[in-house]
Amino acid sequence: RRFYEKVQALHQDPEASVDNPLLAFSLIKRLHSDWPNVIYSDEATSNTQALHAGFREMEQELPGSEDLEGAARALMRLQDVYALSVKGLARGIFQRAGHPPLYSPGRRAALSADDCFHVGKVAYDTGDYYHSIAWLEEAVSLFHLSYGSWNLEDRSSLEDALDHLAFSYFMAGNISHALSLSVEFLRYADPSNQRVSRNVAKYKKLLEMGTGARGRWAWQGCPGPPPPLSPLHALLGPFPPQPAPERLLHLSCSYETNSSPYLLLQPAKKEMVRIQPYVALYHDFITDAEAETIKGLAGPWLQRSVVASGEKQQKAEYRISKSAWLKDTADPVVRALDGRIAAVTGLDLRPPYAEYLQVVNYGLGGHYEPHFDHATSMKSPLYRMKSGNRIATIMIYLSSVEAGGSTAFIYANFSVPVVKNAALFWWNLRRNGNGDGDTLHAGCPVLAGDKWVANKWIHEHGQEFRRPCSADPQD
């Protein structure tokens, strides 16, 4: 700063500095003699060390390799579930062939060749050659368009993309294409690479032996295996059939008091979504201020969500989200929300008849594949609460999303989009205590936006006189 102030004091007018030989000399002298004194002084060394220490401290808060891999897998998940083309995604377009865009961002963000390479590399490292081929092909195409230019930010190159793409095609069974890519690698990237040269010889020998130019796979004329569908995409299918019109006749919207004094002055706005399974959506269930309060309370406690695995709980790739649990004593807003849920459902939420409020955040590509909320095994951790199975679920949407994020009921063939401040309610168990198979549901991946929900799971003990058994044992 001192050096800058000296130069600025002498040379406030750059044109005058050129005209005046004394000023010109002073400028040249300072830039030549004084500048090294600034750079190589003890003070500069100390400042540099402090700057690097600050960088290292900041680095602890930056995304790590796990975050980068998770973001890449999220892009591949969106590609699969919403049938998006890699070429379109690389250009910032969220569209599948023959359909209008699922999401049109205000500012289109394209991916670089290096970006596409890293998505393909994540797939490559896990042996997912279907995805690695698609993303590495796009990386090679973009590297070709750049005419060999290289950016300082890039950590990969055309050479890297060709190398990984050739081996991906080989592992997918398309030996002839693996050979042509390897030959291109030797011709344009590294002619002296002995490993790739040995691969070329190996591929030629395999083709001469008649292993098959098209390889082990032939899927709709594409090289490589058919795409691995996620359980959500496989169950939903591209166009799920709509329910028959007669099944929709009894759906209605109404103001409900549920015989509760709590709702007399402000009845609940109830929309019946489906009769079987019983699913209702309560609009304007909470206010914007309440939603922000709940998100703020949960924010510091968010951790990677876990799922039940036998008698334990663990992280799983089929549930990508962060969650936190809030007791009713955490804030008056949480306590008031419990009272509102009890009034609307008519159920007893006093401990231990209901679980704490679970707040969940689904970020980039966040999803939860098909699952039941109720336990399907007596070994489930849910039974440790000694309050029976989960009889009902109420899920409150704390935010809106720009695209994706719907709650899909798989066997019942319908989905409910995210409706900010609304609450979705359904019965997990039939009146006879058996699980309702039609409640198999999934949280579709978030295509654009930030999805927040709050879940309240209510158990069957304590509800015996609030939801009694039916005279029909099959009900």
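The values are calculated or read from the model by the stated rules, or taken from the named source; none is laboratory data. Since we're looking at a predicted model, the values are computed, not measured. All Cβ positions, glycine included, derive from the backbone under ideal geometry; neighbour counts span all protein chains shown. The accessibility values were calculated without ligands, DNA or RNA, using every heavy atom of the protein model including side chains. Shrake-Rupley method; radii C 1.70, N 1.55, O 1.52, S 1.80 Å.
Brief remarks on what is shown
- Carbon/sulfur fraction of accessible area - segment 65-209, other protein chains in place, 1.4 Å, %: 54 percent
- Full extension of the segment from residue 301 to residue 400, taken as 0.36 nm per residue of separation minus the current Cα-Cα distance, would add 33.5 nm.
- Accessible area per residue, Å², segment 244-459 with all protein chains present, probe 1.4 Å: 45 Å²
- The residue 411 and residue 55 beta-carbon pair, evaluated with R₀ = 45 Å, returns a calculated FRET efficiency of approximately 0.30.
- Cβ-derived FRET efficiency at R0 60 Å, residue 284 paired with residue 31, nearest 0.05: 0.35
- In this simple spin-label approximation, residue 65 and residue 380 carry label points 7 Å from Cα along the Cα→Cβ vector, and these lie 3.8 nm apart.
- Kirkwood Rh (inverse of mean 1/r, distinct Cα pairs), segment 244-459, angstrom: 17.7 Å
- Across the accessible surface of segment 244-459, with the other protein chains kept in place and a 1.4 Å probe, carbon and sulfur atoms take up 53 percent.
- Close amide H contacts of residue 173 (hydrogens built in the peptide plane, cut-off under 5 Å, sequence separation of 5 or more or a different chain): 216.
- Subset of 270/420; 270/327; 269/327; 121/205; 87/204 violating a 19 Å alpha-carbon distance limit: 270/327; 269/327; 121/205; 87/204
- Largest accessible area first, the listed residues 3, 143 line up as 3, 143 when surface is computed with a 1.4 Å probe on the assembled protein chains.
- Summed over the residues of segment 70-140 and divided among them, the accessible surface reaches 43 Å² per residue at a probe radius of 1.4 Å.
- Of the chymotrypsin sites (Phe, Trp or Tyr not before Pro) found in segment 377-475, those in coil by DSSP whose Cβ has at most 10 other Cβ atoms within 10 Å are 465.
- Applying 1/(1 + (r/R0)^6) with R0 = 56 Å to the Cβ-Cβ distance of residue 83 and residue 42 gives a FRET efficiency near 0.35.
- Net lengthening on full extension, residue 207/residue 254 (0.36 nm per residue, minus Cα-Cα): 10.0 nm
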